[in-house]
Amino acid sequence: MRILVVEDETKVASFIRRALEEESYAVDLCSEGVAGLERARAGAYDLVILDLMLPGLSGLEVLTTLRKERLLTPILILTARSEVDQKVKGLDAGADDYLTKPFAIEELLARARALLRRGPSDHAQILQVEDLILNPATREVTRGGQRIELTTKEYALLEYLMRNAGRVLTRPMIAEHVWNLDFDTFTNVIDVYVNYLRNKIDRGRGAKLIHTLRGTGYVLRAQ
């Protein structure tokens, strides 16, 4: 899943990004309102975390514009303001949730998970291809009933492959959704992680699920 964080405080933005990436999310950062609006419009994000106090356009203006354009992506508002009227304005403008600074990162992660569960698509649905099962709610992966331990990035890559089972995914597509916009697509990191997954998912099993389309990308499907 991919999250856009629009926050002008560098330390806060970095803190949020690090915490989200540890939870397997791909994260893009923006530090001002106009850029945040354009990113939210153009990117396929599952969640937007939006500060109200931004240079250029305010977070409230960004939020109002996105909702007028019928963007249905869940939006979590962040702000240092704790006044009730500011919360009401944000929620009335179309925010899905509201968190006041300073906040505990555990609460932000919990609110993000809740919004993703009830987002436009059913992200909490259990994913299955043959005997490979991934449960997004518990982050548990099994194949043939045997639990498979994955690193954070391996899990994110497998989830993306399984949500697009049967669809050929190019390296730029994988980079955009599993890493972020700053990822160097000319490195072999994606191939390395696909190989890690193969060793854990397919090695020693008769039916291979992860397939390479030479010169194109990868696809997860039953043989």
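For this structure, a couple of remarks:
- Taken over the range 46-98, the residue count meeting the criterion of being small (Gly, Ala, Ser) and over 23 Å from ARG117 (Cβ atoms) is 5.
- Residues being crowded, with 16+ Cβ neighbours inside 10 Å and either touching a residue at least 40 places away in the same chain (Cβ under 8 Å) or out of contact with any helix residue (DSSP H, G or I) (no Cβ under 7 Å at 6 or more places or on another chain) (or both) - total across the range 48-62: 8
- The number of residues in the range 96-117 being in a loop (DSSP other than H, G, I, E, B) and either more than 22 Å from PRO55 (Cβ to Cβ) or touching a residue at least 40 places away in the same chain (Cβ under 8 Å) (or both) comes to 3.
- Meets criteria (among the hydroxyl-bearing types (Ser, Thr, Tyr), modelled with pLDDT under 90 and surrounded by 19 or more Cβ atoms within 10 Å (Cβ to Cβ)) for THR79: yes
- In the range 152-179, the qualifying residues are those that are hydroxyl-bearing (Ser, Thr, Tyr) and touching a helix residue (DSSP H, G or I) at 6+ places or on another chain (Cβ under 8 Å), and the one that is surrounded by the most Cβ atoms within 10 Å (Cβ to Cβ) is TYR160.
- Residue satisfying all of: in the range 120-151; of a type in the set (Lys, Arg) and surrounded by fewer than 17 Cβ atoms within 10 Å (Cβ to Cβ); nearest to ASN195 (Cα to Cα) among these: ARG147
- Sole residue being in contact with a Ser or Thr (Cβ under 6 Å, 6 or more places away or on another chain) and closer than 21 Å to ASP131 by Cα, chosen from TYR196, TYR160, TYR155: TYR155
- Residues in the range 1-40 that are of a type in the set (A, V, I, L, M) and farther than 17 Å from THR152 by Cβ: 10 in all.
- Check on TYR45, in a strand (DSSP E or B) and either of a type in the set (Ser, Thr, Tyr) or buried (at least 19 other Cβ atoms within 10 Å of the Cβ) (or both): no
The values are calculated or read from the model by the stated rules, or taken from the named source; none is laboratory data. Every value quoted in this text rests on a predicted model; they were computed, and no experiment measured them. Using ideal geometry, Cβ is built from the backbone for each residue, glycine included, and neighbour counts are taken over all protein chains shown.
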